[in-house]
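The values are calculated or read from the model by the stated rules, or taken from the named source; none is laboratory data. The structure presented is a predicted model; accordingly, all values stated were derived computationally and were not measured. Counting neighbours? That spans all protein chains shown, and the Cβs are built from the backbone with ideal geometry, glycine included. These area figures cover heavy atoms from the full protein model, side chains too; ligands, DNA and RNA do not enter into them. Shrake-Rupley method; radii C 1.70, N 1.55, O 1.52, S 1.80 Å.
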Amino acid sequence: MTGAHSDVLILGGGSGGYACAFRAAQLGLSVTLIEADKIGGTCLHRGCIPTKALLHSAGIADAARTGVEFGVRTTFDGIDIDAVHWYKNGTIDRLHKGLRGLVAHHKITVVTGHGKYLGNRTIEVDGTRYTGTSVVLATGSYARTVPSIELGERIVTSDDALNLGFVPKKAIVLGGGVIGVEFASVWASFGADVTIVEALPRLVAAEDPWCSKQLERAFRKRGISTRTGVTVAAAKETADGVLVELDGGDTLEADILLVAVGRGPRTGDCGFAEHGITLDRGFVVTDDRLRTPVDGVYAVGDIVAGLQLAHRGFQQGIFVAEEIAGLDPVPVAEHLVPRVTYSHPEVASVGLTEDAARERHGDATSVVYDLAGNGKSQILRTSGGIKVVRAGDTGPVVGVHMVGDRVGELIGEAQLTVAWEALPTDVAPFVHAHPTQNEALGEAMLALSGKPLHTHG
């Protein structure tokens, strides 16, 4: 059976897919969007939104514990996990309803079902074939697992952990990247005894080493144990929990094991490789304008190698829609994609690490401003700092790295600074409202300009 033809045919309704659909519709193009599950994809239903809702509940739990330190007589009386899920799911439902309204507003045709690419700019869903003048592949990602570890009721991925029906007393997190660190933070705030096991030498290994040290120090103060440079030899469920054997012979026991070893591109059952779409380690190969080797076929989001972040997918989807419409947009710059880990404390960064800056520019200079000197951070009782990296001794700012509660809210100015290749002396004169944490970024720029204010030096 032959279905409708549209100007833009999109496979996948997650962040990249629906952003492309909305922008293409704004530009007057007809759009068909194929989605196997719900519009919003991983980000809305199994990723960004539900995890941040859990982290907000976790933050309230921490505030209840420490209220007396601020003169407020609060007590922590435990977690009602059903109520936490009710709050989390309500947030998802409201955002999903809003997305469905936008789909209707833009007059986008939505096809529900698993789509398979057949070549010739054609996608089949349940026996019906849809065609497009241009095709955009946006099938997203899945939670990776470890082949030697069998999943079950007590050995779970992040998909299952989001809806866990109990608060574990003891938890083991396999993986010290963003997902693992965020869940470790949630469970620790909920009252669990948490151990992170990471094969690499440090947590959040994609970040600047300074960030890792800051986070590891903060986690130690919170009672979160970390075992870095260690791999898991075996894991199995027991009658009332899990038993994890580490390389070297040590064993750990807990109520739950979260396997958080990253996300893989969802391309294996979509017909891509069979019909001319080049894959590399499962990722769709594109050029800098997100074109595949097949004429008229593009790819966006998590299936394109790089940072698997919703905001990257949004921007890529918008870019491709404008590319198809002939607007000649500027390609998305990978090094300018901001990164935030929403743990307690948060880690936020944009641009190059200091090591990468030295490699790219031959030399680099950096300065760290300690949040101990920032009034708002003292009010919030958060520690951490802001590290700014410049190229050489006189070059522009090429990286900003931050650790501390709420520092994710500072990433906008940091991104603008790096994107505009601003000198520290360009940013130092900016007036930052007092008292805000935003001042800390200004203080770091002052220090790197050679005129520190609230620092010794």
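From the list V418, V403, the one residue that fits, being assigned to a strand (DSSP E or B) and either more than 25 Å from the chain's Cα centre (by Cα) or hydrophobic (A, V, I, L, M, F, W, C) (or both), is V403. Out of everything in region 415-446 that is of a type in the set (A, V, I, L, M) and in contact with a His (Cβ under 9 Å, 6 or more places away or on another chain), what residue ends up being farthest from V368 (Cα to Cα)? Among them, the one singled out is V418. Looking only at residues in region 189-214 that are part of a helix (DSSP H, G or I), open to solvent by less than 20 Å² (accessible area, probe 1.4 Å) and touching a residue at least 12 places away in the same chain (Cβ under 8 Å), the one that is farthest from K52 (Cα to Cα) is C211. Against the condition open to solvent by less than 70 Å² (accessible area, probe 1.4 Å) and among the acidic types (D, E), how does D80 come out, does it pass? Judged against the criteria, D80 is not a match. Taken over region 3-53, the criterion of being among the polar types (S, T, N, Q), in a helix (DSSP H, G or I) and either over 26 Å from K88 (Cα atoms) or open to solvent by less than 10 Å² (accessible area, probe 1.4 Å) (or both) is satisfied by Q26 alone.
Among the residues of region 292-313, those identified as surrounded by fewer than 18 Cβ atoms within 10 Å (Cβ to Cβ) and either within 15 Å of the chain's Cα centre (by Cα) or in contact (Cβ under 8 Å) with a residue 12 or more places away in the chain (or both) are P293, G296, A305, G306, L307, H311.
Here is a yes/no grid of residues against (1) open to solvent by 20 Å² or more (accessible area, probe 1.4 Å); (2) in a helix (DSSP H, G or I):
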position: L55; (1), (2): yes, yes
position: R65; (1), (2): yes, yes
position: F76; (1), (2): yes, no
position: H85; (1), (2): yes, yes
position: K88; (1), (2): no, yes
position: R100; (1), (2): yes, yes
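Residues that are of a type in the set (S, T, Y), open to solvent by less than 20 Å² (accessible area, probe 1.4 Å) and not in a loop (DSSP other than H, G, I, E, B) were ranked within region 132-181; the one that is farthest from A205 (Cα to Cα) is S134.
Within region 388-418, the set of residues being of a type in the set (A, V, I, L, M, F, W, C), closer than 18 Å to V178 by Cα and surrounded by fewer than 24 Cβ atoms within 10 Å (Cβ to Cβ) comprises just one member, I411. With respect to A433, is the statement that it is over 27 Å from the mean Cα position of the chain (by Cα) and over 18 Å from A218 (Cβ atoms) true? In short, yes. Considering only residues that are open to solvent by less than 70 Å² (accessible area, probe 1.4 Å) and in a loop (DSSP other than H, G, I, E, B), look in region 224-255 and name the one that is farthest from G152 (Cα to Cα). Only one residue fits best here, namely G229. The set of residues from region 269-301 being in contact with a helix residue (DSSP H, G or I) (Cβ under 7 Å, 6 or more places away or on another chain) and more than 18 Å from R121 (Cβ to Cβ) comprises L279, F283, G301. Here V350, V368 are screened, and the one residue that is buried (at least 22 other Cβ atoms within 10 Å of the Cβ), within 25 Å of the chain's Cα centre (by Cα) and not small (G, A, S) is V350.
Scanning region 1-58 for residues that are of a type in the set (V, I, T) and within 19 Å of the chain's Cα centre (by Cα) turns up I39, T42, I49, T51.
Residue-by-condition table, conditions (1) closer than 22 Å to W86 by Cβ; (2) touching a helix residue (DSSP H, G or I) at 6+ places or on another chain (Cβ under 8 Å):
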residue	(1), (2)
A161	yes, yes
L164	yes, yes
K169	no, no
V173	no, yes
A184	no, yes
V197	no, no
A206	no, no
F219	no, yes
V232	no, no
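With respect to the conditions (1) closer than 25 Å to V320 by Cα; (2) in contact (Cβ under 8 Å) with a residue 40 or more places away in the chain; (3) open to solvent by 70 Å² or more (accessible area, probe 1.4 Å), H105 falls short on a single one, namely (2). Being at pLDDT 95 or above, open to solvent by 10 Å² or more (accessible area, probe 1.4 Å) and in a helix (DSSP H, G or I) is the requirement here; does I60 meet it? Yes.
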